[in-house]
Amino acid sequence: MFADQISVFLENKAGRLAEVTRTLAGASVNIRALSLADTSDFGILRLIVDDNEKAESALKEAAFTVRTTRVVAVEVSDKPGGLMSILEFLDSKQINVEYMYAFVRQRHDNAVMIFRFDNTDSAVEALTAEGFAVIKGDELYTM
Amino acid sequence: MIFNMEFETLPREAIEAIQLRRLKAVVERAYNNVPFYRKKYDEAGIKPADIQKLEDIQKLPFTTKQDLRDNYPFGMFAVPMDNVVRIHASSGTTGQPTVVGYTARDISTWAELMARSLQAGGATRDDIIHNAYGYGLFTGGLGVHYGSECLGASVIPISGGMTERQVLIMKDFRPSILTCTPSYALHLAEAAEENGLDFADFNFRAGIFGAEPWSEAMRKEIESKLHLSAVDIYGLSEVMGPGVAQECQEAKAGLHVWEDHFIPEIINPDTEKNVAAGETGELIFTSLTKEAFPVIRYRTRDISSLNYSPCVCGRTHVRMHRVSGRTDDMLIIRGVNVFPSQIESVLMEISQVEPHYQLVVDREGAMDTLTVKVEVGEGVFSDEVKQLQSLQGEIAGHIKELLGVSVKVKLVEPKTIARSQGKAVRVIDNRKI
């Protein structure tokens, strides 16, 4: 029930993000969702792509530092309070969210959120038990 | 194994007797053949005849890099050009290059001292030496080359560059000794890894690394990545080239200075007075046998100390401590003396941090700031900002603890700090105008 996310280390300097997208385009990899965490010195680009292997090897070949991380994609009702309901549930179970970001596309009437938890297994277990729709990686990459 | 058993194991009195005889001769030759020395000694009121015992060397004025520049290109040569068979020069990155010359006899002396060095570093005539020091005006490549041939070993004159090809040759030719700069050694290890090769599968036994200061921690790093026993070699073109001093495999504790050809001294760089044996200061060299380009009391700017205690290897020549920095490379950050090698050892102690780093000094207002750029490899990269920030904090904390100076740690992408094939550029000082 996990999805793989590719994280890339970026120095904060002109053109690095463009270089990542150029590398992925060159490898015919499609970016499905992304989030950029940045500090004054460096950034961490997090990507959901349609082909993890291709993306990872292309980025490594272009000398980027790359890491694959397990994240969890969850459908969230696309209406006021939709995200709140899931966060309140996680809070009640004392599940810590390291970071999260939204998937680009909507699915049916729902939005999709990508979560990174400090304890992925127990988070997935709790979410599915509660009836939240956790989306499998393979499905996510081609949505 | 000792290359020249007779001379490398001379009792101290015998070494000193040879040194005094040769010192008198070189001062005489320099005074008579090099206008620079004659003028300088006349001004100081010194005559060659004033050198009666070894301590008298301290009466002689120093020779500096600036003196060599002022006499660019051939003004310091002590023989006519028709006796000069080889010319080398420094890179000139910090100003005008310094040019040095050799007679045929100088080349053969240099080859013997390099052969001694290679043997002390673990090489024998049965070895294949992969020589990745640059060939050309830089003394490293040809110095090691002639030394290897004098030793009777097989030398691969690969020079620097074409790193992937080097790795292929290491795999196929199975050399047993590696000679290059320590930073290039690590670069070769990276290149091997990128090509799916492992130094453990190569045939290296020993590596002889020099031309830039490196730390004990870097030795461990090189030894574990390259699967060989690493020793330090020292030299500089002004004095001869590589092979002025060499660490032995037996002790790995200081580099034997070939004292029958050079007199090393240590001075306090500020007072310019000689310090007691064992004390740290600036290394001074006098060449005793060089014909074309004798140097007398040359200020190297290298920081070291001398150890006259007996060595387990049996060689009697004094050992100089590994160069810990340079008097002119030393950074003074808010009143604190900082050597790049100190920062390096801190980084090496933090596991998985890449050994490639650079120090950038800036002045903000009246305040000096030191930024340590460290490459982020896969070993330390995390998708979480807080992990990377805590790594920055850990590095800064260790440096503060060791040196008492606050630094800013900047994480940079792999391979963004230039790997030089010669000397790595460890310090960028933006304070100079």
List pairs: first in the stretch B:403-417 and more than 9 Å from chain A (Cβ to nearest Cβ), second in a loop (DSSP other than H, G, I, E, B) and buried (at least 20 other Cβ atoms within 10 Å of the Cβ), Cβ under 8 Å, 6+ apart or cross-chain?
B:ILE417/B:HIS356
Any helices (runs of 4 or more DSSP H) falling wholly within the stretch B:1-59 and containing at least 3 residues that are open to solvent by less than 70 Å² (accessible area, probe 1.4 Å)
B:12-33, B:35-44
Given (1) more than 14 Å from every other protein chain (Cβ to nearest Cβ); (2) outside any strand (DSSP E or B); (3) in contact with an Asp or Glu (Cβ under 8 Å, 6 or more places away or on another chain), A:LEU87 misses just (3)
Within the stretch A:11-26, how many residues are within 14 Å of another protein chain (Cβ to nearest Cβ) and buried (at least 20 other Cβ atoms within 10 Å of the Cβ)?
1
Residues of the stretch B:60-97 being on the phi > 0 side of the Ramachandran plot and open to solvent by 40 Å² or more (accessible area, probe 1.4 Å), in sequence order, are none
Hey, can you tell me all the residues within the stretch B:143-178 that are out of contact with any Asp or Glu (no Cβ under 9 Å at 6 or more places or on another chain) and in contact (Cβ under 8 Å) with a residue 60 or more places away in the chain?
B:GLY143, B:VAL144, B:GLY160, B:GLY161
Can you tell me which residue among B:ARG431, B:ARG426 is surrounded by 14 or more Cβ atoms within 10 Å (Cβ to Cβ) and at pLDDT below 90?
B:ARG426
Quick check on the stretch B:380-402. Is at least one of its residues away from every other protein chain (no Cβ under 14 Å) and outside any helix (DSSP H, G or I)?
no
If we ask which residues in the stretch B:369-379 are surrounded by 20 or more Cβ atoms within 10 Å (Cβ to Cβ) and either in contact (Cβ under 8 Å) with a residue 40 or more places away in the chain or within 14 Å of another protein chain (Cβ to nearest Cβ) (or both), their number turns out to be 4
Cβ pairs under 8 Å, 6+ apart, first in the stretch A:57-74 and more than 11 Å from chain B (Cβ to nearest Cβ) and in contact (Cβ under 8 Å) with a residue 24 or more places away in the chain, second open to solvent by 10 Å² or more (accessible area, probe 1.4 Å) and assigned to a strand (DSSP E or B)
A:VAL72/A:ARG116; A:VAL72/A:VAL134; A:ALA73/A:MET113; A:ALA73/A:VAL134; A:VAL74/A:MET113; A:VAL74/A:VAL134
So, in the stretch A:113-143, how many residues would count as being outside any loop (DSSP other than H, G, I, E, B), touching a residue at least 40 places away in the same chain (Cβ under 8 Å) and not basic (Lys, Arg)?
14
Of the residues that make up the stretch B:68-77, is at least one more than 25 Å from B:ILE107 (Cβ to Cβ) and either of a type in the set (D, E, K, R) or touching a residue at least 24 places away in the same chain (Cβ under 8 Å) (or both)?
yes
From the list A:VAL29, A:VAL8, pick out the single residue that is over 17 Å from B:ASP383 (Cα atoms) and either touching a residue at least 12 places away in the same chain (Cβ under 8 Å) or surrounded by fewer than 18 Cβ atoms within 10 Å (Cβ to Cβ) (or both).
A:VAL29
Somewhere in the stretch B:336-348, is a residue within 17 Å of B:GLY397 (Cβ to Cβ), within 14 Å of another protein chain (Cβ to nearest Cβ) and touching a strand residue (DSSP E or B) at 6+ places or on another chain (Cβ under 9 Å)?
no
Checked A:SER85, A:SER77 against criteria (touching a helix residue (DSSP H, G or I) at 6+ places or on another chain (Cβ under 8 Å), free of Cβ contacts under 8 Å to residues at least 40 places away in the same chain, open to solvent by 40 Å² or more (accessible area, probe 1.4 Å) and hydroxyl-bearing (Ser, Thr, Tyr)); the one match is A:SER77
If B:GLU194 satisfies all but one of (1) within 17 Å of B:ILE128 (Cβ to Cβ); (2) without any contact (Cβ under 8 Å) to a residue 40 or more places away in the chain; (3) open to solvent by 10 Å² or more (accessible area, probe 1.4 Å), what's the number of the condition it fails?
(1)
Being away from chain B (no Cβ under 12 Å) and open to solvent by 10 Å² or more (accessible area, probe 1.4 Å) is the requirement here; does A:ILE48 meet it?
no
Qualifying positions in the stretch A:111-134 - surrounded by fewer than 17 Cβ atoms within 10 Å (Cβ to Cβ) and within 25 Å of A:LEU36 (Cβ to Cβ):
A:ASP118, A:ASN119
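The values are calculated or read from the model by the stated rules, or taken from the named source; none is laboratory data. Please read these numbers as outputs of a predicted model, since none were measured by experiment. Don't worry about glycine lacking a Cβ; one is built from the backbone with ideal geometry, like all the others, and counts go over all protein chains shown. Keep in mind that these areas ignore ligands, DNA and RNA; they rest on the heavy atoms of the full protein, side chains included. Shrake-Rupley method; radii C 1.70, N 1.55, O 1.52, S 1.80 Å.
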